[in-house]
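Data first, discussion second: the structure below is written as structure tokens.
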Amino acid sequence: MYKTEIISKIKDNNEKALKMSELINKQETIGWDFVNAIAVKNNSVILVFKENPTYKLNQEVNKGINTVKETITKVVDSISKNKN
């Protein structure tokens, strides 16, 4: 799956580059890999992102690991209380 984000009407190239970096980094943290940037009229840029399938898988694995950790902690706590 792909998605696009538009950065509109920023004339200053340094400001535009900073905004692009911020948006790319933000999207990376939520599982979208940067693919390409396309310059268009009016000093705008279209950024193209592709969904990272391993990101979602890793999130599910981590959620499962946390659930198992919580369950084990409860069992250990229960055993510890019964020994006392």
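Worth a mention:
- Cβ pairs under 8 Å, 6+ apart, first in segment 59-78 and closer than 21 Å to Ile30 by Cα, second modelled with pLDDT of 75 or more: Gln59/Gly31
- Residues located in segment 1-32, provided they are of a type outside the set (Lys, Arg) and touching an Asp or Glu at 6+ places or on another chain (Cβ under 8 Å): Met1, Tyr2, Leu23, Gln27, Gly31, Trp32
- Screening Ala17 with (1) among the hydrophobic types (A, V, I, L, M, F, W, C); (2) touching a strand residue (DSSP E or B) at 6+ places or on another chain (Cβ under 8 Å); (3) surrounded by 11 or more Cβ atoms within 10 Å (Cβ to Cβ) gives one miss only, at (2).
- The residue that is nearest to the chain's Cα centre (by Cα), counting only those in segment 4-14 that are open to solvent by 90 Å² or more (accessible area, probe 1.4 Å) and either outside the structural domain of Asn43 (by the TED database) or at negative phi (or both), is Ile6.
- Out of Glu51, Glu22, sole residue that is free of Cβ contacts under 8 Å to residues at least 24 places away in the same chain and either surrounded by 14 or more Cβ atoms within 10 Å (Cβ to Cβ) or among the acidic types (Asp, Glu) (or both): Glu22
- Number of the exception - Asn42 against (1) without any contact (Cβ under 8 Å) to a residue 24 or more places away in the chain; (2) on the phi > 0 side of the Ramachandran plot: (1)
The values are calculated or read from the model by the stated rules, or taken from the named source; none is laboratory data. What you see is a predicted model, and the numbers here were worked out from it, not measured in a lab. We place every Cβ from the backbone using ideal geometry, glycine too, and count neighbours over all the protein chains shown. The protein model used for the area step is the full one, side chains on, heavy atoms only, and it has no ligands, DNA or RNA in it. Shrake-Rupley method; radii C 1.70, N 1.55, O 1.52, S 1.80 Å.
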